[in-house]
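Input: a single structure, listed below in structure tokens.
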Amino acid sequence: MKALAPYLKSEDLPLFWCAGCGNGIILASILRTFSALELAPKDIVVSTGIGCWGKADDYLKTNSIHGTHGRALPFATGIKAANDDLTVLALMGDGDCATIGGNHFLHAARRNIDVTAIVSNNFNYGMTGGQYSATTPPHSYTSTSVYGNPEGVFDLCEVGQAAGATFVARGTVYHANQLEGLITDAVRHRGFSLVEVFSSCPVYFGRYNERPSPVEMMKYWQSRAVPVQRYRKMDEDSRVDRVPIGVFHRDDRPDFNTRYRDIRARARERMEGRG
Ligand SMILES: Cc1ncc(C[n+]2csc(CCOP(=O)(O)OP(=O)(O)O)c2C)c(N)n1
Ligand code: SF4
């Protein structure tokens, strides 16, 4: 706890989140990453959207911007593009990132801006009463799909990788130690990093889907998660009801700021008649 003190605004505790919400575990993993990497709070900017997870910046002593719903990535992109020395994170719910902010997510990944996106995917809109989002599994129950969700689903890791993210990982709130490692690797990575965290919203998604207690939600992740390396070797039947976790993809394509710096240098040379 002492090591986290430089980053945690303890005067604002207790946390706003419901008992058993997964968000506290994700926040603690982020704080431990800051401490492990010995980052100074003044060198960190956390951009949040709106929602339960969007409240995370309330508890941070780092710089932060509490933006608008779905727009955490545009703010983060501008901040990083203009201040390359800063470590920039965007914290988003699945509503923020995959649904209202889906377009921004695609373009942040395509651009490979050096921002770490940490998505608390609780499969619904927690803050507004448990409506379904773009990650709500088909047929599952929410306050706006009481007879089952009729829509298809975005797999954020697949979408992120296809769009150009250069670090893509998934963890769960049950696997807290692994989660800290994934977040640390993502923050260290130069380029657009996604860490999707399968989280628990016992109050809405859990209650609607026969997992109303925090313990049942944790047991669900414990029993379903499989390391991605093992998952890739499994046949289709064995994959049913299993979710891969771990690092899915990593490559060292140059990030936006590096490419932009090169282009500016070339433009300067040309203007000075050297190119
Ligand atoms: C432009 C806009 N549309 C809708 C809302 C209402 N709203 C606030 S939070 C939220 C959903 C949040 O869900 P998610 O991003 O998944 O985060 P969670 O609360 O589950 O952590 C919505 C629709 C808003 N604040 N702004
Ligand atoms: S409504 Fe769900 S996501 Fe929001 S704080 Fe409560 S448990 Fe967490």
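The values are calculated or read from the model by the stated rules, or taken from the named source; none is laboratory data. Keep in mind that this is a model prediction, so the values were computed, not measured. Glycine gets a Cβ as well: all are built from the backbone with ideal geometry, and neighbour counts include every protein chain shown. Only protein heavy atoms, including side chains, enter the accessible area calculation; ligands, DNA and RNA are left aside. Shrake-Rupley method; radii C 1.70, N 1.55, O 1.52, S 1.80 Å.
Assign unit charges at the C-beta atoms only (+1 for Lys and Arg, -1 for Asp and Glu), then state the dipole size of the stretch 2-271 relative to its Cα centre in Debye, rounded to the nearest 20.
580
Excluding ligands and nucleic acids, what accessible area in Å² is computed for I100 using a 1.4 Å probe, to the nearest 10?
80
So what is the 222 nm mean residue ellipticity for the chain from helices alone, if each DSSP H run of at least 4 adds -39500 (n - 2.57) and you divide by all residues, rounding to the nearest 500 deg cm²/dmol?
-10000 deg cm²/dmol
Provide the gained length on full extension for the span A267 to N83, in nm with one decimal, where the gain is 0.36 nm per separating residue minus the Cα-Cα distance.
Stretched fully, the A267-N83 segment lengthens by 64.2 nm.
Please calculate the 1.4 Å probe accessible area of E272, with all protein chains present, and give it to the nearest 10 Å².
About 100 Å², rounded to the nearest 10.
Per the 1.4 Å probe, what fraction of the accessible area of the stretch 2-271, in percent, lies on carbon and sulfur atoms?
53
Which three lengths, in whole Å and largest first, does the stretch 2-120 cover when its Cα atoms are put on their principal axes?
38, 32, 19
Karplus couplings for the stretch 141-152 from phi (6.51 cos²θ - 1.76 cosθ + 1.60, θ = phi - 60°), rounded to Hz, Gly and Pro as x?
Working through the residues one at a time gives 9, 9, 5, 10, 9, 5, 10, x, 6, x, 8, x Hz.
Got a sec to turn the phi values of the stretch 199-213 into Karplus ³J(HN,Hα) couplings, 6.51 cos²θ - 1.76 cosθ + 1.60 with θ = phi - 60°, whole Hz, x for Gly and Pro?
10, 10, 10, x, 5, 10, 4, x, 4, 6, 10, 6, 9, x, 9
What are the ³J(HN,Hα) values, in whole Hz, obtained from phi via the Karplus relation 6.51 cos²θ - 1.76 cosθ + 1.60 with θ = phi - 60°, for each residue of the stretch 45-57 in sequence order, with x given for Gly and Pro?
10, 10, 9, 10, x, 10, x, 4, 5, x, 7, 4, 5
Using the structure shown, select from K42/K80; K9/K219; K55/K219; K2/K219 the pairs with a Cα to Cα distance greater than 22 angstrom.
K9/K219; K55/K219; K2/K219
With a 1.4 Å probe and all protein chains kept in place, how do F75, F205 rank by accessible area, largest first?
Correct descending sequence by accessible area is F75, F205.
Could you order K80, K219 by accessible surface area, starting with the largest, using a probe radius of 1.4 Å?
Ranking K80, K219 by accessible area, largest first, yields K219, K80.
What order do D58, D96 take when sorted by accessible area (1.4 Å probe), most exposed first?
Highest to lowest solvent-accessible surface, that is D58, D96.
How high is the relative contact order of the chain, given as a whole-number percent (alpha carbon pairs under 8 Å, six or more residues apart)?
So the answer I get is 18 percent.
Among P254, Y132, G20, which residue has its Cα furthest toward the positive end of the charge dipole of the stretch 2-271, with +1 on Lys/Arg Cβ and -1 on Asp/Glu Cβ?
Among P254, Y132, G20, the one farthest towards the positive end of the dipole of the stretch 2-271 is P254.
If you count, for each residue, the other Cβ atoms within 10 Å and average over each peptide, how do 86-92, 132-138, 247-253 line up from highest to lowest?
Descending mean neighbour count gives 86-92, 132-138, 247-253.
Hey, what's the Kirkwood Rh for the chain if you take every pair of different alpha carbons, in angstrom?
19.1
Return the ratio Rg/(2.2 N^0.38 Å) for the stretch 4-64, where Rg is computed over Cα atoms only.
The stretch 4-64 yields a ratio of 1.06.
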